[in-house]
Structure formats: C-alpha cells, structure tokens
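Have a look at the structure below, then the notes.
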Amino acid sequence: MTDISQNTPGPNTAGSDARHAGSLLQQSDRTRKRNAAERRFRGYGIAAITVGLLMLAVLVFTIVSRGTGAFQQTFITLDVELLESKLDKSGTRDLDAIKKVTTFGYAPLIKNAVQAKVAELGIDTDLKAKAMAGILSKNAAAQLRAYVVENPDQIGHTVTFRFLASSRVDGYLKGRVSRDSIVNDKSISPAQLDLVDALVATEVAAKTFNLDFITGADASDARPEAAGMGVSMMGSLFMMLVVLALALPIGVAASIYLEEFAPKNWITDVIEVNISNLAAVPSIVFGILGLAVFINYMHLPMSAPLVGGLVLTLMTLPTVIISTRASLKSVPPSIRDAALGVGASRMQAVFHHVLPLAAPGILTGTIIGLAQALGETAPLLLIGMVGFIASNAPETIADGLLAPNSAMPAQIYEWAKRADPAFYERAWGGIIILLIFLVTMNTVAVILRRRFERRW
C-alpha cells in the first residue's frame, strides 16, 4: 500500500505540473506580444537615433566641404615699381599730396608689374596689359595705395606684393569655374585662364591660407574675394557684451524676487505665464519691437550694436529667468531653513547660501541664452544691421556700440543673397566660424555645470 500510494499520482498532479511548466518554461501569448512590442519600440528608438546622426553627419559634411574654400584664397606675387613720377611728383614726400593720388593713379603701376612678370617668365600671350591686370582683384589698387600712404619712404623703390586674384580666377583654381561656364562671362576669358595656368606652373599664382577672411571686413559686390568676417565678429562681440551686461543682472534679480520673495497670488501667476509665453515668441517680433521703440521712438542710431544688443536682451531675458528659477528651485529647502534657524535674515539666506549654490545653473543658462542670441538673424534684419558695410574695426568702445556695423548671422545672410558664387562660398565659411563660436559656448556651459554642480 505504501509503494502504491507513493507512486500513483493524485487526481490534480498532472494538471498542476502542466500549469507550472507552462508558466516557467513557456511564454504565454500575452507575454510574447509584450516582448515583441518592447523590441519594436527599441528598434524604433535606435532607428530614430541613427537617422538623426546620419542627418547631422550630412549637415556637417555639407558645411565643411562647401565652406573650407573660403579659408583659402588665390594670391599672385608681383614686383611693383613705385614710380615717383606717378605718386609724388613734387618729390617732397608730403603725405597730404601723396593721399591725393587716387586708386586710378596706381592702376598703371599694377599693369606695368604684370607685364614685367609675364615678360620675365617668357609667357607667350596675346593679352594686352589691361586684360593681364584683369586677373587681379579690384582690391589690388587700394592695397597698393594703403601701403604707400603708410610707407611713403618706399616711393621710388620696387616692392614685392601678394595681390588677391579675381573671384573668377580663384573659382577656376578651386574648380568652381570651368572653361565651359565662362563662355558668356565678360569678367574672364579663356586667354586669361591660359595666363593663370602659366602663372600657377611658375608658382607666381598659388592658393594659400586667407587670414583676411577671419580678420577683414565685408567688401562690395565687385570685390567678393576681399570680403571677410572680422568686423562683423566685432559687432557680434559688442552686442553680446550689451546682452550680458543687461540680461544677467535683470534676469537674476527678477528670478530671485519671483522665486524667493514674491507672494503667491494671481499677479505673480500672470507674470509667470507671460514670461513663459515670451520665451516662445518668434524672434522677429522682438525685432519689430526694437525698431518701434529703440529706433523710431528713442532715436538710437540704426545698425548700431547697442540697438542690436538691446533687442537681443529682450529676447534672452525669458530664457535667463526660466533657467535661474529652475536653479533656485533645485537648492533644497533645508539650506534655507538652516540659515534662518541660526539667525540669518531672509535676504542673507538667499544671497549668502542659496544663490552661491544655484550659481552654476544660472551661469549655464546665461551662456546658453547668449549662444541663442548670437545666432539670431531676424531681429537684426529689422534694425538695419545688413544695410551697412563697415570697412574698419571700431577703435573705441563708444564706436563699437554706436557706430553702424553688422553681426555674424546678418553678414552670412547678406552674403548668401548676393549673386557672385564667391559670396556664397563665404557664406558657408561664415557658418563654420559661427558654429565654432556656438559649439564653444555650449561646451563651456556643459563643463561649468559638471564642474560646479552639486547633487543633493
């Protein structure tokens, strides 16, 4: 009886084993569907990230491939004889008399230099002197005149110069211009390209790094090869100084009051809602406001970095306030309670304890707000920062704030809408410079946050 009772299964044993086997070793239909949905969702996420990274790679490749050409420029080296009979007929080296000689007076010297170089190298060409000089930039005469004005003692000597080649010649050496594309082009001819090939073979003409693109000023439509970003970078710098000087103290003060001292009633609720709404307002609306208030009503100078800085301050304030309030909220209430418990006033608790702990977040939000303002274009278009070409960098702080100027995004916009392909190439190069500034500012913000933040 004992053996039979031990070996004979009970009436519910088989069903119990089946249930246990099914729950432990086999997945139910519901579990399989849930796991399949999780795998699909994971796949969707990986696919979205892959597509995003692919688009980013395409964007970066496009910007770099089209913009790096702006950092190289074709230069032609010539020996120019600074004839005294052309530049200083009196022979007195009187600077005022020398300045009276316009760029038209320097054109014959450049023609003579090109002719002499072609003859020296033994290049066979049917081009006349004017056509030979046509391969040079129209900026060459101005460059020569500026050198003579600064160095009048060099009159009567032969000096070596590196002149910019014309935009067509530069485009030809970069592959942007071909012999087929210049059939109906009046600015360049096949014979001039033959001359360029001969000069390249003798290393008289060569592509080198163009520092003037980074440090120079914008140029007219006739001289795209001479255009640079330097002066517009100075304009952006002065605008950012205005934004930093106004947005940081005003934004932090408003945030401290709203978060630490303001009573919670319908008035503060309306203020908070409006701050959130202002952060979502299109930037061009701030440009219209700046045009109406700062220029039409207050009569501040148009195209001035001061006006641009004021407009961008209005646009940046909501971002600074929101980020500062978030940083103040992240400080634990125990910090405030401990300060108040040892006898500190409400003001001392905020400024001596809460604010130093929230400073990393405030600094990070401010830098991100400045980076956003640096890349804005629409507000600057409405206050006229694309209608003026500044030829020189500002010499004083007052000139930097009040003298007409442009800014990096506005300069890029101006180049992109011009007809000459050389300006289009410079627009891509300007985007590279602007992205370097933006990436640097955001990187600094991330480093500061990780360096100084505290986890509670």
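Within the stretch 378-387, does at least one residue satisfy the condition of being buried (at least 23 other Cβ atoms within 10 Å of the Cβ), under 15 Å from the mean Cα position of the chain (by Cα) and either in contact (Cβ under 8 Å) with a residue 40 or more places away in the chain or part of a helix (DSSP H, G or I) (or both)?
Checked the stretch 378-387: at least one residue is buried (at least 23 other Cβ atoms within 10 Å of the Cβ), under 15 Å from the mean Cα position of the chain (by Cα) and either in contact (Cβ under 8 Å) with a residue 40 or more places away in the chain or part of a helix (DSSP H, G or I) (or both).
Tell me which helices (runs of 4 or more DSSP H) are completely within the stretch 304-355 and hold 3 or more residues being closer than 19 Å to residue 244 by Cβ, under 26 Å from the mean Cα position of the chain (by Cα) and of a type outside the set (Ser, Thr, Tyr), or say none if there are none.
305-330
Answer yes if at least one residue in the stretch 300-315 is open to solvent by 70 Å² or more (accessible area, probe 1.4 Å), of a type outside the set (Ser, Thr, Tyr) and over 18 Å from residue 371 (Cβ atoms), and no otherwise.
Looking through the stretch 300-315, at least one residue is open to solvent by 70 Å² or more (accessible area, probe 1.4 Å), of a type outside the set (Ser, Thr, Tyr) and over 18 Å from residue 371 (Cβ atoms).
Scan the stretch 398-432 residue by residue and report those that are β-branched (Val, Ile, Thr) and either touching a residue at least 40 places away in the same chain (Cβ under 8 Å) or more than 14 Å from residue 236 (Cα to Cα) (or both). Write out each step before concluding.
Residues of the stretch 398-432 that are β-branched (Val, Ile, Thr), as a first pass: 412, 431-432.
Within the stretch 398-432, 431, 432 qualify.
Does the stretch 387-404 contain any residue that is closer than 18 Å to residue 434 by Cα and out of contact with any strand residue (DSSP E or B) (no Cβ under 8 Å at 6 or more places or on another chain)? Give the derivation first.
From the stretch 387-404, those closer than 18 Å to residue 434 by Cα are none; that's our starting set.
No, the stretch 387-404 has no match at all.
What is the one condition in (1) at positive phi; (2) open to solvent by 60 Å² or more (accessible area, probe 1.4 Å) that residue 212 does not satisfy?
Result: residue 212 fails condition (1) only.
When both residues are 6+ apart or on different chains and their Cβ atoms are under 7 Å apart, which pairs have a first residue that lies in the stretch 340-355 and is touching a residue at least 40 places away in the same chain (Cβ under 8 Å), and a second that is among the β-branched types (Val, Ile, Thr)?
Partner pairs satisfying both residue conditions: 350/256; 354/331; 354/335.
Tell me yes or no: at least one residue of the stretch 142-151 is modelled with pLDDT of 90 or more, open to solvent by less than 40 Å² (accessible area, probe 1.4 Å) and under 30 Å from residue 424 (Cα atoms).
Within the stretch 142-151, one or more residues are modelled with pLDDT of 90 or more, open to solvent by less than 40 Å² (accessible area, probe 1.4 Å) and under 30 Å from residue 424 (Cα atoms).
Evaluate the following for residue 418: is it modelled with pLDDT of 85 or more and of a type in the set (D, E, K, R)?
Criteria met by residue 418.
Mind checking which residues of the stretch 188-223 are closer than 14 Å to residue 170 by Cα and free of Cβ contacts under 8 Å to residues at least 40 places away in the same chain?
193, 197, 200, listed by residue number.
To keep it simple, each residue is scored yes or no on (1) small (Gly, Ala, Ser); (2) out of contact with any Asp or Glu (no Cβ under 9 Å at 6 or more places or on another chain); (3) open to solvent by less than 50 Å² (accessible area, probe 1.4 Å).
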{"site": "317", "(1), (2), (3)": "no, yes, yes"}
{"site": "323", "(1), (2), (3)": "yes, yes, yes"}
{"site": "332", "(1), (2), (3)": "no, yes, yes"}
{"site": "346", "(1), (2), (3)": "no, no, no"}
{"site": "349", "(1), (2), (3)": "yes, no, yes"}
{"site": "358", "(1), (2), (3)": "yes, yes, yes"}
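Taking residue 323 as the residue in question, decide whether it is small (Gly, Ala, Ser) and at pLDDT below 90.
no
Of all residues being of a type in the set (Asp, Glu) and not in a loop (DSSP other than H, G, I, E, B) in the stretch 388-441, which is most open to solvent (accessible area, probe 1.4 Å)? Just the residue, please.
Ranking the candidates gives 399 first.
The values are calculated or read from the model by the stated rules, or taken from the named source; none is laboratory data. Everything numeric here is computed off the predicted structure, so don't read it as measured data. Positions of Cβ are backbone-derived with ideal geometry, glycine not excepted, and every protein chain shown enters the neighbour counts. In case anyone asks, the SASA skips ligands and DNA or RNA and just uses the protein heavy atoms, side chains included. Shrake-Rupley method; radii C 1.70, N 1.55, O 1.52, S 1.80 Å.
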